[in-house]
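Trainee: Structure below; questions to follow.
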Amino acid sequence: MKSKACVYLLGTGPGDPDLLTVKALRLIQQADVVVYDRLVSDDILQLIPAGTTRIYVGKRSGQHTLAQDEINALLVNLAETERAIVRLKGGDPFIFGRGSEEAWYLAKQGVRFEVIPGITAASACTSYAGIPLTHRGLANSVQFVSGHAQNNQPLDLDWASLADENRTLVIYMGVANIGYISRQLIYAGLPANSPAAAIENGASRRQRCLICELSQLQQRVTEEDLKAPVVFVIGRVVSLASELEWFEHGLVIDNESELHAQHYPS
Ligand SMILES: C[S@@+](CC[C@H](N)C(=O)[O-])C[C@H]1O[C@@H](n2cnc3c(N)ncnc32)[C@H](O)[C@@H]1O
């Protein structure tokens, strides 16, 4: 190990400071320098003490502020001069967050690091939309997949294994490809009327949750003009939202009672 410095790869959850872990809050308040992403909310950034150095390294699709290898190098350089480097990440650092790539690089360079888990979008958004990821009799497993295609290549997913009615499927980064994804799942055997949800800005005051049948998902997302960040949830558990929704922000349900009756018979 090079020095006493430590890089904290810290998950901030969906953006509500009340959903931070106690450890995450303590580290943010004690940091010498904070390096942060685009998905880290303003409410979380406001918790950083006024005198702490902040460095923005966020990315937008196709437009990087810093390339990943530059971020990796920045963290190592900061470890030469600072003691507590807090690297904020939206959600959980190890779920579609490239936290593992940063950890791998730090390990290679002999820089000490810790990973502080955060509430991932799949968990936060579904909780706030009243959709349990598992429910006895409806789903006994859950799968998280990325809907982002690398370098405009077709999505490389195992559609046959994803088309499982007993499983809840959560799709991150899927807005651009949701039509293709829905069609592939239906071709692979998932019923076209499977309940599906699109949750935009989940677990925040700006949350919008659209619920419809799988075959209508792309059309409804276009009609409602949903924009990233969105997670998609496909599976019978979605039919419980009409009963379990508690947050009361922007819920749009098509054929609510029909979907519930079809997939959750009493
Ligand atoms: C690069 S991934 C980062 C995921 C993050 N590490 C996590 O654990 O949630 C970004 C994607 O996460 C999802 N996401 C993150 N925050 C969200 C939110 N508040 N509402 C809906 N989706 C969200 C979206 O699918 C978005 O495109």
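Trainee: What whole number of Å gives the distance from the Cα centroid of segment 108-146 to the Cα centroid of segment 192-214?
Mentor: First find each Cα centre; the distance between them is then 17 Å.
Trainee: What distance in nm separates the two pseudo spin-label positions at residue 70 and residue 165, each 7 Å out from Cα along the beta-carbon direction?
Mentor: In this crude label model, residue 70 to residue 165 measures out at 5.1 nm.
Trainee: Taking square-rooted eigenvalues a ≥ b ≥ c of the alpha carbon gyration tensor, is segment 1-49 rounded, prolate or oblate, where a/c under 1.5 means rounded and, failing that, a/b exceeding b/c means prolate?
Mentor: prolate
Trainee: With Cβ to Cβ distances under 15 Å as the rule, what net charge do the other residues near residue 24 carry (K, R +1; D, E -1)?
Mentor: -2
Trainee: Pairs on different chains or at least eight residues apart, Cα atoms closer than 28 Å: how many lysine pairs in the chain fit?
Mentor: 14
Trainee: Along each of the three principal axes of the Cα atoms of the chain, give the extent in whole Å, ordering the values from largest to smallest.
Mentor: Reported extents, whole Å, longest axis first: 60, 38, 33.
Trainee: Just to be sure I follow: if Rg is taken over the C-alpha atoms of segment 121-263 and Rh is the Kirkwood radius over the same atoms, what is Rg/Rh?
Mentor: Expressed as Rg/Rh, it is 0.93.
Trainee: Where Lys and Arg each count +1 and Asp and Glu each count -1, what net charge lies around residue 130 among other residues with Cβ under 11 Å from its Cβ?
Mentor: Every neighbour counted, the sum reads -3.
Trainee: Using 0.36 nm per residue of separation minus the Cα-Cα distance, give me the extension gain between residue 23 and residue 47 in nm, one decimal.
Mentor: That pair, residue 23 and residue 47, stretches by 7.3 nm at full extension.
Trainee: Suppose we flag trypsin sites (Lys or Arg not before Pro) only when DSSP calls them loop and at most 15 other Cβ atoms lie within 10 Å. Which is the longest uninterrupted stretch of the chain?
Mentor: 137-204
Trainee: Let me ask something additional. Would you mind getting me the FRET efficiency between residue 114 and residue 148? Use the beta-carbon distance for r and R0 = 30 Å, nearest 0.05.
Mentor: About 0.65, to the nearest 0.05.
Trainee: Apply the a/c threshold of 1.5 to the C-alpha gyration tensor of segment 6-116 and tell me whether it is rounded, prolate or oblate.
Mentor: Since a/c stays below 1.5, the shape of segment 6-116 is classed as rounded.
Computed from the coordinates by the stated procedures, all read-outs in this text should not be read as laboratory data. Since the model is a prediction, treat every value here as computed from it, not as a measurement. Using ideal geometry, Cβ is built from the backbone for each residue, glycine included, and neighbour counts are taken over all protein chains shown.
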